[in-house]
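Peer 1: Shown below is the structure under consideration.
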Amino acid sequence: METKIFLNLAVKDLKRAISFFNELGFPTNPKFTNEQGACIVIDKNIYVMILVEAFYQTFTPKQICDSKTTSEVLISLSMESREKVDEIIETAVKAGGTDYQEAKDYGWMYQRTFLDLDGHHWEVFYMDESQIPSEMPIEM
């Protein structure tokens, strides 16, 4: 069996969240979707389980953070080109997300950031591994 990643995120409005991720080009797997949560397919082994807050809370005794004001996780996705990075950010904004930080261009890596409808922080980047400096700078 291949290892798969299932990232679980609490959301306030499941239907809006599903629509947002579908607009980004990430389909929903109906086999793992109901009124309490949905499985968003990012890639063949990467999934985001978006769970309504009450259902999410059944998995942990910890308080759910307000992801609009508190950082819970930085989610990073690699893309095949700089153009695809820009396209994802533009699509996220059109779907109701927020273009969160200025683009960062390190020459060998290009990165942009959006916040989804619930304030989760998504880093989207393109990296040309053949251009990575032999010594990484301390500050990126």
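No value in this document is a laboratory result; all are computed from the given coordinates. No experiment lies behind these values; they were computed from the predicted model shown. With ideal geometry, Cβ positions are generated from the backbone for all residues, glycine too; neighbour counts draw on all protein chains shown.
Peer 1: Only one of Thr69, Thr28 is over 30 Å from Glu135 (Cα atoms), touching a strand residue (DSSP E or B) at 6+ places or on another chain (Cβ under 6 Å), of a type in the set (Ser, Thr, Tyr) and free of Cβ contacts under 8 Å to residues at least 60 places away in the same chain; which?
Peer 2: Values: Thr69 fails: touching a strand residue (DSSP E or B) at 6+ places or on another chain (Cβ under 6 Å).
Step by step, each of Thr69, Thr28 is checked, and only Thr28 is over 30 Å from Glu135 (Cα atoms), touching a strand residue (DSSP E or B) at 6+ places or on another chain (Cβ under 6 Å), of a type in the set (Ser, Thr, Tyr) and free of Cβ contacts under 8 Å to residues at least 60 places away in the same chain.
Peer 1: When residues of segment 82-108 are filtered for being of a type in the set (A, V, I, L, M, F, W, C), touching a residue at least 24 places away in the same chain (Cβ under 8 Å) and in contact with a helix residue (DSSP H, G or I) (Cβ under 9 Å, 6 or more places away or on another chain), how many remain?
Peer 2: Start the filter on segment 82-108 by keeping residues that are of a type in the set (A, V, I, L, M, F, W, C), which leaves 85, 88-89, 92-93, 95, 103, 108.
Then keep just the ones that are touching a residue at least 24 places away in the same chain (Cβ under 8 Å); that gives 85, 88-89, 92, 95, 108.
Now drop any that are not in contact with a helix residue (DSSP H, G or I) (Cβ under 9 Å, 6 or more places away or on another chain), which leaves 92, 95, 108.
Matching residues across segment 82-108 total 3.
Peer 1: Which of (1) within 24 Å of Glu2 (Cα to Cα); (2) in contact (Cβ under 8 Å) with a residue 40 or more places away in the chain; (3) out of contact with any strand residue (DSSP E or B) (no Cβ under 9 Å at 6 or more places or on another chain) is the odd one out, the single condition Lys44 does not satisfy?
Peer 2: (2)
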